[in-house]
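I have placed the structure first, in the form of structure tokens, so that the comments after it can refer back to it.
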Amino acid sequence: MSALTPTVGMDTNGQTDNENATFTANPFKPGSSVAFDGAEPSFRFDIPHQVPPNLHIEDSGTMEPKVPGAGINGSNLRSAGNVGSSLPHLRALGNDPSVAKSFKELNEKSLASAHEKLSKVMTRDDMREEFRMREMTAQALKREMAADWLPEYRPASIIVPTRTDDTVLDRTTRISPASILTDVPVGRKTKIICTLGPACGTEEGLSSLLDAGMNVARLNFSHGTHATHQEMLDRLRQVASSKGRNLGILLDTKGPEIRTAMLREGKDIELEAGQQVTVVAVADEFTKWEGYKDEATGEIKIGLSYAKLCKSVKQGNIILIADGAISLQVKEILNDTELRAEVVNSHKLGQRKNCNLPGVHVDLPVLAPKDVEDVQLFACKNQLDFIAASFVQTADDVKYIRRVLDEAGGQRIKIIAKVESEAGLRNIDGIVAEADGVMVARGDLAMEVPAEKIALAQKMIIAKCMLAGKFVITATQMLESMIENPLPTRAEMTDVAN
């Protein structure tokens with residue numbers, strides 16, 4: 001540490017002259033601090049980049065360590081004052097190579113002017129003003145750099161303005177090499193939701209899930225009966241009570257889904273690219289109506305459970321079947337219940353496969369009759385904590401779910417809107433405003449949005465929820481490979497971390 005010599009001006013009454021109290025360094029070490037506390041406003045300058053013990057310099061000429069046990073004895077320095085000395089300066093500070101390097105690392109071009117003026121500082125007021133300008137320059141540089149990640153095209157309809165008066169989201173990071181290279185204990189703020197099923201439904205299995213960090217248990221009402229779910233719920237609450245643990249319970253509704261109908265004799269149909277297929281809207285008869293392929297004529301007919309299919313789609317629309325494994329392009333609307341489509345890719349078609357209609361507003365209630373029964377007779381009856389509503393498309397869907405809950409005494413149950421359609425994305429602001437939380441259902445969403453843009457949709461929804469103070473859940477294929485392997489892939493770990 002370099003020696004510091006205080007030069008203190010004195011008035012005729014023997015009092016310290018704050019205006020002429022300055023210090024000459026030979027030179028300051030990076031990481032030390034100079035603070036002037038004698039006048040308002042107080043001023044402090046931290047020499048950047050290294051963090052040795054900070055030094056606190058008072059107007060009286062004393063120097064005391066800011067960190068206990070560090071620095072130089074102030075009493076020895078106090079006797080070094082010279083009354084009547086000429087006005088000292090801080091040119092040594094500006095000429096120190098280590099300090100100059102620090103400024104250069106920030107931005108050599110943007111801070112050149114501020115650095116040059118700093119070397120000519122003669123008074124405390126000058127120094128205060130120059131460092132104020134330096135900070136303003138650095139902040140301007142940071143704002144410029146913050147926009148570097150954006151694409152070069154900036155239509156207002158695609159990229160929101162990066163600099164507006166009402167911007168409230170500040171992208172920051174608090175990561176350092178020490179936090180990566182050393183074992184630093186951190187608190188987990190993200191909650192873990194586990195879907196319960198036969199493989200983990202025993203007392204031992206539920207206990208191990210709780211010990212591993214499960215915060216919310218999910219009951220999937222696309223499968224099972226009220227009796228089986230009730231048995232699982234009672235067992236889970238008993239195990240949690242024995243461990244003294246608080247646990248959230250989530251009911252995930254089946255939702256308005258579209259499925260293919262049955263097939264004649266239960267035989268799969270081999271579809272080939274270019275084939276013509278007649279698609280029939282069979283509505284609630286999809287569990288009885290049977291599709292077929294006539295080997296003699298080559299005619300193929302399949303059924304879908306969506307009654308308003310021919311009114312909702314138009315020529316050129318795509319029908320995705322079996323998680324997108326099969327694509328059919330609509331060629332012609334034949335009548336109110338039938339349309340002709342062309343097979344885009346070859347694949348085998350099975351019965352009761354899920355379907356998606358990208359870019360089409362599906363005219364189905366967010367809660368089917370079975371969902372209303374599940375919500376009112378199970379969730380409200382057992383006072384569950386959350387309802388995850390599938391295929392929410394508008395804010396009105398959320399309002400309808402709230403009315404259904406309130407009618408059965410479920411006022412305290414929170415609504416999680418699952419965004420898994422293009423309509424849900426278009427109306428995301430209204431959905432976030434009405435729902436208690438949002439789930440990014442990446443599986444079905446990827447059927448309606450290009451797969452490469454799912455990450456953008458996820459980031460957008462998370463940001464909107466954080467701004468609105470709503471909790472947000474990311475779902476589908478989290479640590480998927482651990483079904484077979486003891487460890488996830490690096491990409492999966494990064495996915496979960498983000």
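The values are calculated or read from the model by the stated rules, or taken from the named source; none is laboratory data. Quick caveat: nothing in here was measured; it's all calculated off a predicted structure. Using ideal geometry, Cβ is built from the backbone for each residue, glycine included, and neighbour counts are taken over all protein chains shown. Quick note on the areas: whole protein, heavy atoms, side chains included, nothing else; ligands and nucleic acids left out. Shrake-Rupley method; radii C 1.70, N 1.55, O 1.52, S 1.80 Å.
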Output the number of residues of the range 439-461 satisfying the condition of being within 14 Å of the chain's Cα centre (by Cα), over 21 Å from Ser390 (Cβ atoms) and open to solvent by 60 Å² or more (accessible area, probe 1.4 Å). 2
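One line per residue, one yes/no per condition, for (1) β-branched (Val, Ile, Thr); (2) under 30 Å from the mean Cα position of the chain (by Cα); (3) in a loop (DSSP other than H, G, I, E, B); (4) on the phi > 0 side of the Ramachandran plot:
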residue: Ser207; (1), (2), (3), (4): no, yes, no, no
residue: Ser222; (1), (2), (3), (4): no, yes, yes, no
residue: His229; (1), (2), (3), (4): no, no, no, no
residue: Val239; (1), (2), (3), (4): yes, no, no, no
residue: Leu250; (1), (2), (3), (4): no, yes, no, no
residue: Glu265; (1), (2), (3), (4): no, no, no, yes
residue: Lys301; (1), (2), (3), (4): no, no, no, no
residue: Ala307; (1), (2), (3), (4): no, no, yes, no
Starting from the range 445-461, keep only residues that are in a helix (DSSP H, G or I), then list their pairs with residues that are open to solvent by 40 Å² or more (accessible area, probe 1.4 Å) whose Cβ atoms are within a distance under 6 Å, requiring at least 6 positions of separation or different chains. Glu448/Glu422
Any residue in the range 313-330 that is farther than 19 Å from Ala273 by Cα and open to solvent by 30 Å² or more (accessible area, probe 1.4 Å)? yes
All-but-one check, Asp371 against (1) touching a strand residue (DSSP E or B) at 6+ places or on another chain (Cβ under 7 Å); (2) buried (at least 21 other Cβ atoms within 10 Å of the Cβ), failing number (1)
Please enumerate the residues belonging to the range 377-425 that are aromatic (Phe, Trp, Tyr) and either at pLDDT 95 or above or out of contact with any Gly (no Cβ under 9 Å at 6 or more places or on another chain) (or both). Phe378, Phe386, Tyr400
Would you pick out the residues in the range 371-401 that are within 28 Å of Pro358 (Cα to Cα) and free of Cβ contacts under 8 Å to residues at least 24 places away in the same chain? Asp396
Of the residues Thr253, Thr228, which is open to solvent by 70 Å² or more (accessible area, probe 1.4 Å) and either closer than 24 Å to Val398 by Cα or among the β-branched types (Val, Ile, Thr) (or both)? Thr228
Pair list, Cβ < 6 Å and 6+ apart or interchain, from the range 258-271 residues that are within 17 Å of Ser327 (Cβ to Cβ) and among the charged types (D, E, K, R) to residues that are open to solvent by 40 Å² or more (accessible area, probe 1.4 Å) and not in a strand (DSSP E or B): Arg259/Arg352
Could you tell me which of the residues Leu339, Leu328 is part of a strand (DSSP E or B) and under 37 Å from the mean Cα position of the chain (by Cα)? Leu328
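Does Lys464 fit the bill of being surrounded by fewer than 16 Cβ atoms within 10 Å (Cβ to Cβ) and either farther than 18 Å from Lys189 by Cα or modelled with pLDDT under 95 (or both)?
It is false that Lys464 is surrounded by fewer than 16 Cβ atoms within 10 Å (Cβ to Cβ) and either farther than 18 Å from Lys189 by Cα or modelled with pLDDT under 95 (or both).
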Hey, any hits in the range 353-367 for a residue that's at pLDDT 90 or above, more than 22 Å from Ile428 (Cβ to Cβ) and polar (S, T, N, Q)? no
Taking interchain pairs and intrachain pairs at least six residues apart, which have beta carbon atoms under 6 angstrom, with the first residue in the range 477-498 and part of a loop (DSSP other than H, G, I, E, B) and the second surrounded by 13 or more Cβ atoms within 10 Å (Cβ to Cβ) and polar (S, T, N, Q)? Pro488/Ser481; Thr489/Ser481
What are the residues in the range 192-213 that are in contact (Cβ under 8 Å) with a residue 60 or more places away in the chain and open to solvent by 70 Å² or more (accessible area, probe 1.4 Å), if any? none
